[in-house]
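One structure below.
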Amino acid sequence: MLQLPLPGLDDPEGHTVPDPSLSVCDAHVHLFPDAVFQAMWNWFDNYAWPVRYRLTSPEIVKFLHSKGVRHVVGLHYAHKPGIAGALNRYMAGLCAEYPSLTGTATVFPGEKGTREILEEGFELGLSGVKLHAHVQCFHLDGPGMNEIYEACVAHDKPLVMHVGREPRNPDYPYPVDPYVTCDSGKLERVLSEYPSLRICVPHMGADEFAEYRRMSERYDNLWLDIAMVAADYLPNTEPPRLAEMRTDRIMYGSDFPNIPYAWDRELKKVHAQGLPRDVMERILGLNCLEFFSISA
């Protein structure tokens, strides 16, 4: 549940990344067509927080590059059947225009032609798959999920899935309860059954931090991104310090542009943790490049 007053709404933003000598790859940037973004921001206005950076997808990529972010991973998801193909083609078009952008594909779990939709996306050069359990209302063992896992394995593509329970707003009438569909135990079964499938769970698996920390130490195919968690923003959560985590499996991600605070709030807080330089290099860039097989 959101706590008022919301922190960081007017925090100052920097002109560049805190340490330009470190190569920063943002593993969690949302890119959508304008109409989809507008609908999304309307939802945020009603049920979440005010989105500070209401930019078009090209403006988002240019903005982050202008601040010193050297590579961007574009994520999106289909909120209903029948639109994933168009979204994937839109993402591929952006990637063709911006060489420092890596895009992912999406699909609506269980929709007809799932494998064909993903294979078309991969043929267009998209480098992974993004799903969001809160929006798409899927269970990890639900209809069509095995088809998605198997397609990713067959093409050696990673899978980014928001399957953590937070952030959840109890005032929003979700079709299903994220605390029912999302559970670390369900994700662990997928990790075990598909050991060659690289999976990233955003927001460090909020709010089941202890379980995701344990799983990241046990399973080599699990990564976590720090979006909004390292920024000290998600409510009712007490995330572990990054030094306590398996740092070769942690990726910097901003959740840009759908954030209410300064674009570099999270980067500043990561730098304030005083991590060794080699660990910072991994968290801010190398882990992302390896996860998505990016040559940069």
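Of the helices (runs of 4 or more DSSP H) lying entirely inside the stretch 206-296, those carrying at least 3 residues that are closer than 19 Å to GLY68 by Cα and more than 16 Å from the chain's Cα centre (by Cα) are 265-272, 277-281.
Residues in the stretch 33-50 that are surrounded by fewer than 15 Cβ atoms within 10 Å (Cβ to Cβ) and either in contact with a helix residue (DSSP H, G or I) (Cβ under 8 Å, 6 or more places away or on another chain) or over 14 Å from ILE259 (Cα atoms) (or both): ASP34, ALA35, GLN38, ALA39, ASN46, PRO50.
Give GLY93, GLY68, GLY85 a once-over and let me know the one that is out of contact with any helix residue (DSSP H, G or I) (no Cβ under 6 Å at 6 or more places or on another chain) and either closer than 30 Å to LEU118 by Cβ or in a helix (DSSP H, G or I) (or both).
Numbers: GLY68 fails: either closer than 30 Å to LEU118 by Cβ or in a helix (DSSP H, G or I) (or both); GLY85 fails: out of contact with any helix residue (DSSP H, G or I) (no Cβ under 6 Å at 6 or more places or on another chain).
The conditions single out GLY93.
Where residues in the stretch 151-183 are within 18 Å of GLU120 (Cα to Cα) and without any contact (Cβ under 8 Å) to a residue 60 or more places away in the chain, which of them is nearest to the chain's Cα centre (by Cα)? In this case the residue turns out to be LEU159. Look at ASP207 and say whether it is buried (at least 22 other Cβ atoms within 10 Å of the Cβ) and among the charged types (D, E, K, R). Considered against the rule, which asks whether it is buried (at least 22 other Cβ atoms within 10 Å of the Cβ) and among the charged types (D, E, K, R), ASP207 comes out as yes.
Go through the stretch 115-144 and give me each residue that's of a type in the set (A, V, I, L, M, F, W, C), touching a residue at least 40 places away in the same chain (Cβ under 8 Å) and within 16 Å of ILE199 (Cβ to Cβ).
Initially, the stretch 115-144 is screened for residues of a type in the set (A, V, I, L, M, F, W, C), giving 117-118, 122, 124, 126, 129, 131, 133, 135, 137-138, 140.
Imposing the further condition that a residue be touching a residue at least 40 places away in the same chain (Cβ under 8 Å) reduces the set to 131, 133, 135, 137-138, 140.
Those that are of a type in the set (A, V, I, L, M, F, W, C), touching a residue at least 40 places away in the same chain (Cβ under 8 Å) and within 16 Å of ILE199 (Cβ to Cβ): LEU131, ALA133, PHE138, LEU140.
For the stretch 223-248, name all the residues that are in contact with a Leu (Cβ under 8 Å, 6 or more places away or on another chain) and either crowded, with 23+ Cβ neighbours inside 10 Å or among the small types (Gly, Ala, Ser) (or both). Quick ask: steps written out before the conclusion?
Taking the stretch 223-248 first, the residues in contact with a Leu (Cβ under 8 Å, 6 or more places away or on another chain) are 226, 228, 230, 235, 242-243, 245, 247.
Residues satisfying the conditions are ILE226, MET228, ALA230, ALA243.
Quick note: the coordinates plus some simple rules give every number you see, no bench work behind them. Note that the structure is a prediction, hence the values are computed from the model and not measured. Neighbour counts are summed over all protein chains in view; Cβ atoms, including those assigned to glycine, are modelled from backbone coordinates with ideal geometry.
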